[in-house]
């Protein structure tokens, strides 16, 4: 997701093909990506709340550190939680205004799209393959998709979602003026409408 969409002291659900995860940023700005399930009663941690440098489950308030270890059980304030009580934690980092997560050992750093900055993220009710094969899009060697929108050179990053839709991240040239950013955002909405309309037409046939 976009770094700007996750301010400090915030937790959100991160939907990936492998399942749901809890993505949160601590008060000091540190990111954490963890399994979206409290070990106690199975409540989604993405429904919880961030206090300082820890994430608390909204159900019984069990508190977890950035490394996944349980720090506190409110019902037993004098108890030191056992090491075995922890939430599975995964690699997460920021690069170029985007948040990148990896469920295995990262093979390297995320790609760097020099000269581009994130503009917005949107959900499109088509597959990533349909976006990549659009006549308006060209695939770059680094995996990004290049497109011209409202006279501006833009890049797309596409993430498949469990329901078959796509999270589409649009990057625009850093030097683009505010008016150009607004125009591209509007053109992006029209692009989404064209894709979804074409997909519905194919299903009808």
Inspect region 83-99 for any residue being in a loop (DSSP other than H, G, I, E, B), assigned by TED's automatic domain parsing to the domain that holds residue 18 and under 25 Å from residue 169 (Cβ atoms) and give the result as yes or no.
-> yes
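Residue-wise test of (1) farther than 16 Å from residue 200 by Cα; (2) under 22 Å from the mean Cα position of the chain (by Cα).
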residue	(1), (2)
127	no, yes
132	yes, yes
138	yes, no
144	yes, yes
147	yes, yes
156	yes, yes
159	yes, yes
Enumeration of residues in region 19-37 that are in contact with a strand residue (DSSP E or B) (Cβ under 6 Å, 6 or more places away or on another chain) and either outside the structural domain of residue 89 (by TED's automatic domain parsing) or in a loop (DSSP other than H, G, I, E, B) (or both) = 36
Quick one: is residue 80 surrounded by fewer than 16 Cβ atoms within 10 Å (Cβ to Cβ), in contact with a helix residue (DSSP H, G or I) (Cβ under 8 Å, 6 or more places away or on another chain) and outside the structural domain of residue 142 (by TED's automatic domain parsing)?
-> no
In region 112-129, is there at least one residue being at pLDDT below 95 and in a helix (DSSP H, G or I)?
-> yes
Going by the conditions given, is residue 175 under 23 Å from the mean Cα position of the chain (by Cα), surrounded by fewer than 18 Cβ atoms within 10 Å (Cβ to Cβ) and closer than 22 Å to residue 111 by Cβ?
-> no
Any idea which residue in region 38-72 is farthest from the chain's Cα centre (by Cα), counting only those that are under 22 Å from residue 100 (Cβ atoms) and assigned to a strand (DSSP E or B)?
-> 64
Meets criteria (surrounded by fewer than 15 Cβ atoms within 10 Å (Cβ to Cβ), at pLDDT 95 or above and either in the same structural domain as residue 34 (by TED's automatic domain parsing) or in a strand (DSSP E or B) (or both)) for residue 148 | yes
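The values are calculated or read from the model by the stated rules, or taken from the named source; none is laboratory data. Predicted, not measured: the structure shown is a model, and the values here were computed from it. Positions of Cβ are backbone-derived with ideal geometry, glycine not excepted, and every protein chain shown enters the neighbour counts.
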